[in-house]
Amino acid sequence: MSRAAPAIAVRDLRKNFGGFQAVRGISFDVAPGEIVGFLGPNGAGKTTTIKMITGLLAITSGSVEVNGLDNRRELPRVKRMLGYMSQKFSLYPLLTALENIEFFGGISGLAPHDLKAAMARMQEAVPAPVLRQKIQDVPPGIRQKVALFVCLLPDPGIILLDEPTSGVDPEARRGFWNEIYGLKTRGKTLLVSTHNLDEAEYCDRILIIHNGEIVSAGAPDDLLRREGKASIEELFEDAIRSHGQN
Amino acid sequence: MVRLERVGKSFGDIRAVDDVSLDIPRGAITVLTGADGAGKSTLFKMLVGLVKKDTGRILLNGEEIGDDYARVTSVCGYMPERFSLYTDLSVEENMDFFAAVQQVPAARREELKTRLLERTGMAPFRRRRAGALSGGMKQKLALSTILLSSPQLIILDEPTTGVDPLSRIEFFAIIESLRREGRTIVMSTPYLDEAEKGDWIVLIRAGRILRQSSLADLRRTFPARLFRILPQGNVFAAMRDAASIPGLAEAAYMRGKFIKYLQTGSENLGSRIPHRQMVEEAPTLEDMYIYYERRQ
């Protein structure tokens, strides 16, 4: 792994919702050009952490730096460095794929010729009849593709994807991960949360989070060797059980 | 326990289930897996009579059921893809309601309800509104409701889709305990790693069965060797170059930074990809699925 300054540096990050501690002092780095997988059960704190990195959710304590910039002091600059795809892809269901792109391209301040180029790329990637359908009527795999496309419109260097593949069938998932890997080869940094443990093998490193704490972290192969486990599922189950149930 | 013979179903021009013959062995976990739209749900609905088949026969314990679906429904519990729970009722009220619908004798209800909720880990949440449960808990409650009638045949349509990994592991453990009691389970899942845990695996695509067998037999009869190749340089460029080698493009696919190659002929064409590393591996169910899918 590269020792370059981290793209994302999270230090002792905490989030309380009233008396409930959703994230309990977690620290990790994501190196530039790395794909880090964020694994955990529902309610473990994955989405909360990702939202704190984006600045969408206020931090209770601790810090997040993005390319060396504190995300509270420098939020506008940090936001320009980040692409974020939320769990419920935030596309407008009554607009078509192209209309969504036009809309989001517009609000992210894309120059008209760049927007035109982006729409042309979308037309290549998605079959024409599907492009004319309302986004609510297209298959989840396509919806997810369009959502990723929208998230990439401003060409961010760091991309945060929150459960992009949940509810998507295996073929579409494989295609999606190949796109994610393509982003890495173009130098992008990715933090991806997922419910699908078999996707860990696409990641350079994984973080397993449970009850707001990181219970295991490392390269998937190293972790398996170190813990003497045959599969990520075994590793996951063991990491969670040994840190107590919800 | 159940046999389907050349069953077919069309919706307009769409052939949802195409001449499917399938065995569901007694006392085993049968798992159907494949992409969305493969015909899994339609197949289940035909089994329980919710969708009428166009052609073919369905046999239960060796006897054709004809239009007498009550013969299946009287021994089976069916959990549709969208769990049919009453979200405004509590866990316990849902159980009471379904016990009444399934005509569980009143004298047995309390004991059965308690036992099932304990078995599925739902006992601590008896008073919680079903609508306020997590996805994994809803699915356990839905399973509990269908177990009220003590079905011998349990049909579960994508019970774990979109559910978090820990709940998925727990759910499958409950399924395995039901099998140990000798019950017959048939379920569908889009997760190939989950499907690997089934005793009898059915790979399905576009309404057709690609393969049905145990995992061990699938592996034993798999006609290709699998190599995982770490290419020199960029994997996308390597895939593009591979396309120019006759016979390689159809047998190779990308998985992250790796190229997976399925060798069927005598020559290892994958070795022609400039690579840093090439390892032979046991194929996963996903590899086998891709192989048969491409050959369909």
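Suppose the filter is open to solvent by 10 Å² or more (accessible area, probe 1.4 Å), on the phi < 0 side of the Ramachandran plot and free of Cβ contacts under 8 Å to residues at least 60 places away in the same chain; does B:Glu280 pass it? Spelling it out, B:Glu280 is indeed open to solvent by 10 Å² or more (accessible area, probe 1.4 Å), on the phi < 0 side of the Ramachandran plot and free of Cβ contacts under 8 Å to residues at least 60 places away in the same chain. When the range A:233-246 is examined, which residues are found to be in contact with a strand residue (DSSP E or B) (Cβ under 8 Å, 6 or more places away or on another chain) and within 9 Å of chain B (Cβ to nearest Cβ)? Once the filter is applied, which keeps residues that are in contact with a strand residue (DSSP E or B) (Cβ under 8 Å, 6 or more places away or on another chain) and within 9 Å of chain B (Cβ to nearest Cβ), the range A:233-246 yields A:Phe236, A:Ile240.
Applying the criterion of being part of a helix (DSSP H, G or I) and closer than 21 Å to A:Asn178 by Cβ to the residues of the range B:247-286, the residue that is farthest from the other protein chains (Cβ to nearest Cβ) is B:Leu269.
The residue of the range A:1-32 that is most open to solvent (accessible area, probe 1.4 Å), among those that are part of a loop (DSSP other than H, G, I, E, B) and modelled with pLDDT of 95 or more, is A:Pro32. Taking the stated definitions as given, is A:Lys116 open to solvent by 30 Å² or more (accessible area, probe 1.4 Å), free of Cβ contacts under 8 Å to residues at least 40 places away in the same chain and either charged (D, E, K, R) or in contact with a Leu (Cβ under 7 Å, 6 or more places away or on another chain) (or both)? So A:Lys116 passes the test. Out of B:Ile204, B:Ile209, one residue alone is part of a strand (DSSP E or B), touching a residue at least 40 places away in the same chain (Cβ under 8 Å) and either in contact with a Cys (Cβ under 7 Å, 6 or more places away or on another chain) or within 14 Å of another protein chain (Cβ to nearest Cβ) (or both). It is B:Ile204. Within the range A:137-167, take every residue that is within 14 Å of another protein chain (Cβ to nearest Cβ) and under 18 Å from A:Val36 (Cα atoms) and give me the one that is surrounded by the fewest Cβ atoms within 10 Å (Cβ to Cβ). Top of the filtered list is A:Ser166. Looking at (1) aliphatic (A, V, I, L, M); (2) within 11 Å of chain B (Cβ to nearest Cβ); (3) in contact with a Gly (Cβ under 9 Å, 6 or more places away or on another chain), which is the only condition A:Leu197 fails? Among (1) aliphatic (A, V, I, L, M); (2) within 11 Å of chain B (Cβ to nearest Cβ); (3) in contact with a Gly (Cβ under 9 Å, 6 or more places away or on another chain), the lone unmet condition for A:Leu197 is (3). The set of residues in the range A:73-104 that are part of a loop (DSSP other than H, G, I, E, B), open to solvent by 30 Å² or more (accessible area, probe 1.4 Å) and within 22 Å of A:Ser193 (Cβ to Cβ) comprises A:Gln87, A:Lys88, A:Phe89, A:Ser90. Just to confirm my filter: which strands (runs of 3 or more DSSP E) fall fully inside the range B:1-50 and include at least 1 residues that are under 14 Å from the mean Cα position of the chain (by Cα)? Per the criteria, B:14-24, B:29-33. B:Tyr292 satisfies every condition listed in (1) open to solvent by 10 Å² or more (accessible area, probe 1.4 Å); (2) in a helix (DSSP H, G or I); (3) farther than 22 Å from B:Ala35 by Cα except (3).
Looking only at residues in the range B:148-181 that are among the aliphatic types (A, V, I, L, M) and in a loop (DSSP other than H, G, I, E, B), the one that is surrounded by the fewest Cβ atoms within 10 Å (Cβ to Cβ) is B:Leu148. Scanning for something touching a strand residue (DSSP E or B) at 6+ places or on another chain (Cβ under 9 Å) and in a helix (DSSP H, G or I), does the range B:104-114 turn up at least one residue? No, the conditions are met nowhere in the range B:104-114. Restricting the range A:212-230 to residues that are open to solvent by less than 40 Å² (accessible area, probe 1.4 Å) and within 14 Å of chain B (Cβ to nearest Cβ) leaves a set whose member that is farthest from B:Tyr253 (Cα to Cα) is A:Val215.
Residue pairs whose Cβ atoms lie under 6 Å apart, separated by 6 or more positions or on different chains, with the first residue in the range B:219-240 and touching a residue at least 24 places away in the same chain (Cβ under 8 Å) and within 14 Å of chain A (Cβ to nearest Cβ) and the second open to solvent by 30 Å² or more (accessible area, probe 1.4 Å) and assigned to a loop (DSSP other than H, G, I, E, B), are B:Gln232/B:Pro274; B:Val235/B:Lys257.
Taking (1) more than 14 Å from chain B (Cβ to nearest Cβ); (2) hydroxyl-bearing (Ser, Thr, Tyr); (3) more than 20 Å from A:Lys51 (Cα to Cα) in turn, A:Tyr181 satisfies each apart from (1).
The values are calculated or read from the model by the stated rules, or taken from the named source; none is laboratory data. These numbers come from a predicted model, not from an experiment. Glycine also receives a Cβ, built like all others from the backbone with ideal geometry; neighbour counts cover every protein chain displayed. Note: accessible area is taken over every heavy atom of the protein model, side chains too, but ligands, DNA and RNA are not part of it. Shrake-Rupley method; radii C 1.70, N 1.55, O 1.52, S 1.80 Å.
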